[in-house]
1. Would you confirm whether or not the range 188-200 contains a residue that is of a type in the set (Lys, Arg) and either on the phi > 0 side of the Ramachandran plot or in contact with a Pro (Cβ under 6 Å, 6 or more places away or on another chain) (or both)?
2. Somewhere in the range 265-284, is a residue part of a loop (DSSP other than H, G, I, E, B), in contact (Cβ under 8 Å) with a residue 24 or more places away in the chain and surrounded by 15 or more Cβ atoms within 10 Å (Cβ to Cβ)?
3. For Ile173, indicate whether it is over 28 Å from Val45 (Cα atoms), surrounded by fewer than 24 Cβ atoms within 10 Å (Cβ to Cβ) and of a type in the set (Val, Ile, Thr).
4. What do you reckon, is Ser233 assigned to a helix (DSSP H, G or I), closer than 24 Å to Thr48 by Cβ and small (Gly, Ala, Ser)?
5. Within the range 45-91, how many residues are part of a helix (DSSP H, G or I), among the small types (Gly, Ala, Ser) and in contact (Cβ under 8 Å) with a residue 12 or more places away in the chain?
6. Answer with yes or no whether Ala157 is over 15 Å from Leu212 (Cα atoms) and either over 16 Å from the mean Cα position of the chain (by Cα) or crowded, with 17+ Cβ neighbours inside 10 Å (or both).
7. Mind listing whichever residues of the range 49-93 are among the charged types (D, E, K, R) and more than 21 Å from the chain's Cα centre (by Cα)?
8. Do we have any residue at all in the range 107-129 that's within 23 Å of Phe200 (Cβ to Cβ) and within 19 Å of the chain's Cα centre (by Cα)?
Amino acid sequence: MGVLLVFPLIGFVTTVILLFLYLKLSYKFQWFDRPDEERKSHAVVKPTSAGIVFMLPIVFFTVFMSPMTLFFSPLLIAALIILIVIGAYDDFRNLSVKLRLLIISLVSASVVLLYFDVEISNAVLMFVYLLGVIWWMNLFNFMDGADGMAVLHALIALLGYTLYFIFFSNMGIINLLYLLFVIACLFSFLLFNFPRAKMFMGDSGSLSLSFLIAVVALYGISQGIFDEFVVISFHLVFIVDATLTLLVRIKFKQPMTQAHNLHLYQALILSGKSHAKTSIYYAFTSFIITAITLYLRYLNVNQTLMFMVLVAEAIILSIYWFNFHNKTKFERFIR
């Protein structure tokens, strides 16, 4: 056990060294994110696409562990690499929106087909899962705009899944080791991204990381370890913000491909809140909801009560979202 736990420590140290080298090279070759008024929450150019770096040890470890871990097959490893590559391309070039959506749809289909049998009786459910993974990957990318925002959420969610696996399943030590390795690499990136970002993960990080989280979530559902309510609860803060923002944009007939900075976290930053405080608000709320979900599972409550608690949490978050934007009568959406 102690020897196995050395691997996450190696992952942490290796990722820190790689990120430090990438930071130096980024300033030398100007691998920068260019802020713009339509979407970015930052005013200063900083190195981007750090996802190439912190996902690199994860990819190598995934390949190494794939014969032993239940999470990944060669197909999903290939999908993970593809997402890192197309994300990196999109960070420095402009990838076609249609091509990007097509690739995301294909990799989403790959994970759904891997974990669920193709049967007529499952067709509707599989289609829902497919749409859910596509929306999740885009949603996670939308929410990656404040220092530490995305990586803090990923850490809390993966810690939640890990605790769920430890206490409520018979998952082997190898699979837990894999999750701990991923968490260790993300902690490395957190040192460079919070409380003030020295670099951004970029699309190479947000696409691949959201896909990895989706793999863990769908694996847990397919094995009956947890249900959809647990997955939604772990990611509820991001889901509510991104979904309400999308619905209100549709109401005001804004083009869906148009860049914007209308998410609640962006509005909080523009109102004067710091990136660090905004990210902490979101992370703390996600932590509380995750803790409540784990506690309810410990009490072994039925699905009806789980659903009622989930709905109540979503309503509370939605009320806060609407109250904040009502203060300006949705002026930021109208203009």
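1. Here is the first cut: in the range 188-200, the residues of a type in the set (Lys, Arg) are 196, 198.
Add one more test, that the residue is either on the phi > 0 side of the Ramachandran plot or in contact with a Pro (Cβ under 6 Å, 6 or more places away or on another chain) (or both), and what stays is none.
No, the range 188-200 contains no residue that is of a type in the set (Lys, Arg) and either on the phi > 0 side of the Ramachandran plot or in contact with a Pro (Cβ under 6 Å, 6 or more places away or on another chain) (or both).
2. No; the residues of the range 265-284 include none that is part of a loop (DSSP other than H, G, I, E, B), in contact (Cβ under 8 Å) with a residue 24 or more places away in the chain and surrounded by 15 or more Cβ atoms within 10 Å (Cβ to Cβ).
3. Details: over 28 Å from Val45 (Cα atoms): yes; surrounded by fewer than 24 Cβ atoms within 10 Å (Cβ to Cβ): yes; of a type in the set (Val, Ile, Thr): yes.
So Ile173 passes the test.
4. Numbers: assigned to a helix (DSSP H, G or I): yes; closer than 24 Å to Thr48 by Cβ: no; small (Gly, Ala, Ser): yes.
Judged against the criteria, Ser233 is not a match.
5. Here is the first cut: in the range 45-91, the residues part of a helix (DSSP H, G or I) are 51-65, 74-91.
Imposing the further condition that a residue be among the small types (Gly, Ala, Ser) reduces the set to 51, 78-79, 87-88.
Narrowing the set further to residues that are in contact (Cβ under 8 Å) with a residue 12 or more places away in the chain leaves 51, 79, 87-88.
Result for the range 45-91: 4.
6. Details: over 15 Å from Leu212 (Cα atoms): no; either over 16 Å from the mean Cα position of the chain (by Cα) or crowded, with 17+ Cβ neighbours inside 10 Å (or both): yes.
Spelling it out, it is not the case that Ala157 is over 15 Å from Leu212 (Cα atoms) and either over 16 Å from the mean Cα position of the chain (by Cα) or crowded, with 17+ Cβ neighbours inside 10 Å (or both).
7. From the range 49-93, those among the charged types (D, E, K, R) are 90-91, 93; that's our starting set.
Across the range 49-93, the qualifying residue is only Arg93.
8. Taking the range 107-129 first, the residues within 23 Å of Phe200 (Cβ to Cβ) are 107.
Right, trim to within 19 Å of the chain's Cα centre (by Cα) and you get 107.
Yes: one or more hits.
No value in this document is a laboratory result; all are computed from the given coordinates. Because the structure is a prediction, the values reported are computed rather than measured. Glycine gets a Cβ as well: all are built from the backbone with ideal geometry, and neighbour counts include every protein chain shown.
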